[in-house]
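Please read the structure below before turning to the comments.
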Amino acid sequence: MKVSARNVFKGTVKQIQEGAVNAEVALTLAGGEELVAVVTLQSVKSLDLAVGKEAVALIKAPWVMLMTDSGGLRLSARNCLQGKVTRVSDGAVNAEVVITLAGGTEVYSIVTRDAVSELGLAPGVSATAVIKASHIILGVPA
């Protein structure tokens, strides 16, 4: 599978919680991290999602927000993945920041160069990748 999304995470469906229109689908990634995606019930059915089934989570790098200090702030975003910055690649306006999670999964984010400076993002710095559940696209192997 070739896609333009920078973040492609393989996982196993851990739980599906159905609502009236949407469902929350929890995936366990290879490194043990958990991602929660919100998709329509129609998507759950058309993808034939079920507990124990393999799935792929696609997340574009600009959809990944970063924070270095929550300051006791609680967020509505379902996915807050903590790790360490391993790479920062500067561009003219934006930078690509790579955070490696404890289980080895790499999360890519595109943020402004100003954000890199303001957050002090550099290799070795602890950071959290913040991803809204509605920004995760799920797929299944054909």
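Computed values, structure above
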{"quantity": "Subset of the range 22-63 (residues that are β-branched (V, I, T), in contact (Cβ under 8 Å) with a residue 24 or more places away in the chain and farther than 14 Å from T105 by Cα)", "calculated": "V25, V36, V38, V39, V44, V51"}
{"quantity": "Checking A37 against (1) at positive phi; (2) crowded, with 19+ Cβ neighbours inside 10 Å, the condition it does not meet", "calculated": "(1)"}
{"quantity": "Tally of residues being within 19 Å of the chain's Cα centre (by Cα) and assigned to a loop (DSSP other than H, G, I, E, B) across the range 90-140", "calculated": "9"}
{"quantity": "Long-range neighbours under 6 Å by Cβ, at least six apart or interchain, first residue charged (D, E, K, R) and outside any loop (DSSP other than H, G, I, E, B) within the range 1-21, second surrounded by 13 or more Cβ atoms within 10 Å (Cβ to Cβ) and modelled with pLDDT of 95 or more", "calculated": "K10/V56; K14/A26; K14/T28"}
{"quantity": "Strands (runs of 3 or more DSSP E) within the range 32-84 that include 1 or more residues outside the structural domain of G124 (by TED's automatic domain parsing)", "calculated": "34-40, 54-59"}
{"quantity": "Test: residue in the range 83-92 that is among the acidic types (D, E), touching a residue at least 24 places away in the same chain (Cβ under 8 Å), buried (at least 16 other Cβ atoms within 10 Å of the Cβ) and farther than 21 Å from I16 by Cβ", "calculated": "no"}
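The values are calculated or read from the model by the stated rules, or taken from the named source; none is laboratory data. Because the structure is predicted, anything quoted here is derived from the model rather than measured. For neighbour counting, all protein chains shown are included, and Cβ atoms are generated from backbone atoms with ideal geometry for every residue, glycine included.
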